[in-house]
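Structure record follows, encoded as structure tokens.
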Amino acid sequence: MSEEKLPLPYLSDDPDERTAIVSLSELRNAPRRQAKDRHLLVRVKGAELGRVARLPREQFRIGRSQECELWLGDDGVSRKHARVVQEAGAFLIEDTESANGTFVQGQRVTRQLLRDGDVLQFGPTAVFRYTVTDESQEALLQQLYDASVTDALTGAHNREHFDTQLRSELSYARRHKADVSLAFFDVDHFKAVNDTYGHPAGDAVLLSLANTVRNMIRNEDVFARYGGEEFALILRGIDCAGANTAGERLRERIEAMRVPTDAGELNVTVSVGCSSFADLEDKTPESLVSTADKRLYAAKRSGRNRVISQG
């Protein structure tokens with residue numbers, strides 16, 4: 001039996017005459033409106049703008065402690081600053097005796113029912129919006145955030161995200177008396193690659209390098225494109241000797257790469273400069289970056305394709 005058809009007179013090239021046809025199965029299979037069952041905190045001010053955190057049914061802790069489900073490295077945020085709990089299908093925010101307060105819609109609270117659109121603030125700078133939305137909107141928000149912190153060519157984090165994460169890692173290292181190291185590295189004679197083989201070949205080199213690095217680092221390490229052919233790697237809990245070892249392993253893996261291009265197979269090397277938080281007198285992000293950068297250029301001056309982590 002042929003399938004029943006429905007006339008839709010409003011779908012017409014000539015609005016006065018044409019009748020369009022659509023099948024009942026098409027109507028039945030049309031996408032349904034998704035349920036608004038995703039409860040999110042979306043960062044709207046401060047570092048990591050656009051960051052998305054979905055609220056689970058279980059307790060959701062917020063603060064500077066690494067045990068928190070939403071870790072915030074902002075100054076003025078307490079280790080155990082606040083928590084979100086669910087009661088009778090609704091979410092409530094509770095301040096957990098923070099030093100600088102938890103605010104909803106600008107008012108300091110100890111316990112408050114959350115409503116869609118509420119603006120939450122933890123300490124002076126960490127500001128989020130509570131929103132109730134559907135699966136597709138959550139995915140869109142996450143894609144927008146990922147795009148905002150990612151280098152389009154290599155897929156590494158971008159410079160802005162690197163700067164934010166470095167400050168957070170140093171803040172963590174100070175509080176926990178831990179170490180953190182930084183490795184700067186860039187491609188030796190990269191300008192010659194572009195000039196000789198063309199920019200598409202140069203792009204292929206950077207992409208292969210990024211893929212190689214991603215496959216060898218830990219989840220907690222932060223890999224970023226710092227600029228041009230220069231990259232950075234933040235190594236949590238790693239001292240100077242460990243950073244040197246990581247740099248050597250990275251250098252060897254990149255030297256072993258074979259990059260296919262239209263101009264033929266290419267191989268490149270990198271020079272690496274490392275610095276460690278514990279070894280610095282001036283324990284600031286600027287000092288960590290400056291020291292690693294100086295050692296990177298010392299590696300280049302002394303012959304390239306090497307790691308320098310001292311001096």
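The values are calculated or read from the model by the stated rules, or taken from the named source; none is laboratory data. Because the structure is predicted, anything quoted here is derived from the model rather than measured. Backbone-built Cβ (ideal geometry, glycine too); neighbour counts: all protein chains shown. What goes into the accessible areas is simple: the full protein's heavy atoms, side chains included, and nothing from ligands, DNA or RNA. Shrake-Rupley method; radii C 1.70, N 1.55, O 1.52, S 1.80 Å.
Of note:
- Once you reduce the stretch 223-294 and the stretch 56-93 to the center of their Cα atoms, the two points are 34 Å from each other.
- Applying 1/(1 + (r/R0)^6) with R0 = 35 Å to the Cβ-Cβ distance of Arg108 and Glu281 gives a FRET efficiency near 0.35.
- Over the chain: helical MRE at 222 nm, DSSP H runs n ≥ 4 each giving -39500 (n - 2.57), nearest 500: -9500 deg cm²/dmol
- Shape call, the stretch 106-191: gyration tensor on alpha carbons, a/c limit 1.5: oblate
- Solvent-accessible area, 1.4 Å probe, carbon plus sulfur percent, for the chain: 47
- Unit charges on C-beta of K, R, D, E only; dipole of the chain, Debye: 1100
- Angle in degrees between helix 240-255 and the longest Cα principal axis of the chain, rounded to the nearest 10: 80
- Extension reserve of the Arg304-Lys191 stretch, reckoned as 0.36 nm per residue once the Cα distance is removed: 39.2 nm
- Three-way shape label, the stretch 34-121, alpha-carbon gyration tensor, a/c 1.5: rounded
- For the stretch 89-135, a simple Cβ point-charge model (Lys and Arg +1, Asp and Glu -1, everything else neutral) yields a dipole of about 220 debye relative to the Cα centre.
- GNM remark for the chain: springs join alpha carbons under 10 Å apart, and the peak mean-square fluctuation among Asp293, Asp146, Asp116 falls on Asp116.
- The stretch 69-104: GluC sites (Glu not before Pro) in DSSP coil with no more than 14 other Cβ atoms inside 10 Å: Glu97
- The stretch 194-238: GluC sites (Glu not before Pro) in DSSP coil with no more than 12 other Cβ atoms inside 10 Å: Glu220
- Cα gyration tensor category, rounded, prolate or oblate, for the chain with a/c compared to 1.5: oblate
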